[in-house]
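**Q** Handing you a structure now.
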C-alpha cells in the first residue's frame, strides 16, 4: 500500500534548537517526495522536493531509500518556522499526491 | 492577481443542501485536484482532472461530484451535504511538466455543515 506517515502531530522546540520532522513512506516504486508548508492562514506551498537536493529557508531533506524516510531538518529553528508541515509522495506522472497527516512545528522564543 | 483562486472562502450550509465550491486557475495547467484537509488525516484527494472533460476519483470521492468543461475551472459539488463533509477544501493545479513538477494550491474554502 502507498502511504506516508508523519509520526509526530506536534513538535515544539526553542528558537535556535535543531529541528527534525520525521516522514516515512511506503511505496514499491521509485518515489518522488516533497515537503509542503502551511503558515497560519495561508495556503500550502512547496518547501522542497527531494530531486532538487536543495536547501530552502535553511531546511534540508535527504531521501533514505533503505529506511524509506524523508526527514526534514534544520540546524537552528527560527520563530517564523512555526507552521504545519506536510510530507507528500507522488506516485505517477498524473501528479496525484499522497500526504502524511502533518506535523505542527511550534518554535518558542 | 493571476494564480489559483477559490470561492467562496467560507460557507455555512445545512445538512441535505447542495453546495458548489469553485476553483479557477489562470495558468492553463492541465491537471487540477480537489483535497479536503481534516485534523489527523492530513490532506486527502477527492477528485482530480488531467484535462478538460477528463476526471477521476480520488481516495474520498463519495458524496462529491466534479466537472471540468473548461481548462481553467474545476468546480466541486456536494450533492447532499452531510456533517462529515465539514472540512477545509483545497484546490490545486499542476502543469504537464516532469513528474517532479509541483502543485500550486488555492487559499482554501472552509465549509461548515450544520
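Each value in this text was obtained by applying a stated rule to the coordinates, not by laboratory testing. These numbers come from a predicted model, not from an experiment. We place every Cβ from the backbone using ideal geometry, glycine too, and count neighbours over all the protein chains shown.
**Q** Order the peptides B:4-12, B:27-35 from the highest to the lowest mean number of other Cβ atoms within 10 Å of their residues.
**A** Highest to lowest by the protection proxy: B:27-35, B:4-12.
**Q** With only alpha-carbon atoms in the gyration tensor, what are the semi-axes of the equivalent ellipsoid for region A:3-108, in Å, largest first?
**A** Taking √(5λ) for each Cα gyration eigenvalue gives 22, 14, 12 Å.
**Q** Using a Gaussian network model of chain A with C-alpha springs under 10 Å, which one of A:78, A:42, A:90 is most mobile by mean-square fluctuation?
**A** Of A:78, A:42, A:90, the most mobile in the Gaussian network model is A:42.
**Q** Over all distinct alpha-carbon pairs, what is the Kirkwood Rh of the protein assembly as shown in angstrom?
**A** Working: mean 1/r = 0.0556 Å⁻¹.
Roughly 18.0 Å, rounded to one decimal.
**Q** Mind pulling the per residue volume of the convex hull built on the Cα atoms of region B:4-97? Å³ is fine.
**A** Cα-based convex hull of region B:4-97, divided per residue, equals 92 Å³.
**Q** Right, another one. What list do you get for A:99, A:70, B:74 if you sort them by fewest beta carbons within 10 Å?
**A** Going from sparsest to densest Cβ surroundings: A:99, A:70, B:74.
**Q** Next question. What's log10 of I(q)/I(0) for region B:1-47 at q = 0.14, 0.22, 0.30 Å⁻¹, Debye sum over Cα points only, no solvent?
**A** Reported log10 I(q)/I(0), two decimals: -0.48, -1.03, -1.18.
**Q** Give the distance, in whole Å, between the Cα centre of region A:45-94 and the Cα centre of region B:10-78.
**A** For region A:45-94 versus region B:10-78, the Cα centre distance is 26 Å.
**Q** Let me ask you something else. Give me a single rounded figure for B:43-49: the average over its residues of other chain Cβ atoms within 10 Å of their Cβ. Before the final figure, lay out each step's value.
**A** Details: counts 11, 2, 4, 0, 0, 4, 1.
Counting Cβ atoms of other protein chains within 10 Å of each residue's Cβ and averaging gives 3.
**Q** Per-residue Cβ counts within 10 Å, from other chains only, averaged over A:98-107: what number is that?
**A** Neighbouring Cβ atoms belonging to other protein chains average 3 per residue here.
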